[in-house]
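In what follows, a structure is listed as structure tokens, so that the remarks can point back to it.
The values are calculated or read from the model by the stated rules, or taken from the named source; none is laboratory data. Computed from a predicted structure; not experimentally measured. Backbone-built Cβ (ideal geometry, glycine too); neighbour counts: all protein chains shown. Remember, those area values only see protein heavy atoms, side chains included, never the ligands or the DNA or RNA. Shrake-Rupley method; radii C 1.70, N 1.55, O 1.52, S 1.80 Å.
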Amino acid sequence: MKLDRKEIIKALESISVAGEGKNMVEGGALQNVMTFGDEVIVDLVLSSPALHIKKRAEVDVMKAIHEKVYEKAKIKVNIKVEAPATEKKAPEIKGKPIPGIKNIIAVASGKGGVGKSTVTANLAVTLSKMGFKVGVLDADIYGPSVPIMFDVAAERPLSVNVDGKSKMKPVENYGVKILSIGFFTKPNQAVIWRGPMAAKALNQMIFDAAWGALDFLLVDLPPGTGDIHLSIMQSLPITGAVVVSTPQNVALADAKKGVAMFQQESINVPVLGIVENMAYFTPQELPNNKYYIFGEQGAKNLSEDLQVPFLGEIPLVQSLRESGDIGRPAALQEETPLEESFKEITRNMVQETVNRNKSLPPTEAIKITTMAGCSAVKTK
């Protein structure tokens, strides 16, 4: 049976949205109706983020269409939440913009050992393969590992003259520009600095560097929620944050704190999503088997609980560890499950950036339009 769009809209006029007092057509909650034979897609925009109101609206839409139009209709309801304009907080830009850098993404984790730096390196390489201009700032002052992962541990940034000022030229490999405190210390030297010293070193790598034009600067933050994080977020207008976790409860508890840090009113950095690393193990000789060594879909479930996007999962594969150790990120491996995982996660991250741009006014500090059609998002 071919469904009639007008009949569906008429049926939806019988539904009122909780707390709004008008039917969803008259009140503007109904944004669009699309029909494909016996399938129908209904797009709604609600002013309340309450889960029970969203669920009630979805159930009411399905019931109305089944009862008033066609009982066997296949229905999908998409719900977007937009607070009324009068309730939206005035946009606020934190930090000092860096000329030429359009989009700044912080990659964080609640605890160490979950693969945050590995994810950062592979996101950067994947973005570069997509045609973006990318940089990585290794802000993990006490455990800088990015130089090893990009096979540039023996390199040193050069000094260049930019507009009469001496600047650090980032080291580059695989199309990614890199700066790390690891370039300025010996391999066996421990960095024993108090917070202010670490913050000063970071500021130099941020503002005294010749980054040039970048579409994305990925900032690899230290584990946890501490002084370095505050320094970065006070120094830079962060576009959004990506939180990395593994599936087990111990890691999820810390990841939850990481998300909460960015969502605090005093910080208010949009969380673009959660990445689940070490999601499952598949033996090479049994490619169809999945063993959930650290638990199943823990980070995905956490993202649903926190109403934060889930960007994707990365399997526990030996070559991922090996590729990091030899300085050739796994995303460079063509036509492999790892490459596909990182492509999916990167695409989702870019899409979430676009979504944030739709819901928040763009700013000159981090507004971008690229060949991929991605406009960056403004932080509050």
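Quick notes on this one:
- Rounded to whole Hz, the Karplus (6.51, -1.76, 1.60) HN-Hα couplings of the stretch 242-252, x for glycine and proline: 10, 10, 9, 9, 9, x, 6, 4, 4, 5, 5
- For the stretch 22-87, the Cα-based Rg and Dmax, in that order, read 12.4, 41 Å.
- Amide proton proximity set for Gln31, modelled H, under 5 Å, gap of 5+: Asp43, Leu44, Val45
- Normalised by the number of residues in the stretch 1-67, the average gap of Cα pairs under 8 Å and 6 or more apart makes the relative contact order 33 percent.
- For Ile314, distant residues with modelled amide H under 5 Å away: Glu276, Asn277, Met278, Ala279
- Using the Cβ-Cβ distance between Leu158 and Gln204 with R0 = 25 Å, the FRET efficiency computed as 1/(1 + (r/R0)^6) comes to roughly 0.95.
- Nonlocal amide H pairs with Val171, under 5 Å, H built at 1.01 Å: Ile178
- Judged by the gyration tensor of its Cα atoms, with axes a ≥ b ≥ c, the stretch 1-53 is prolate; a/c meets the 1.5 cut and a/b is the larger of a/b and b/c.
- Arg321 - accessible surface, heavy atoms, 1.4 Å probe, Å² rounded to 10: 130
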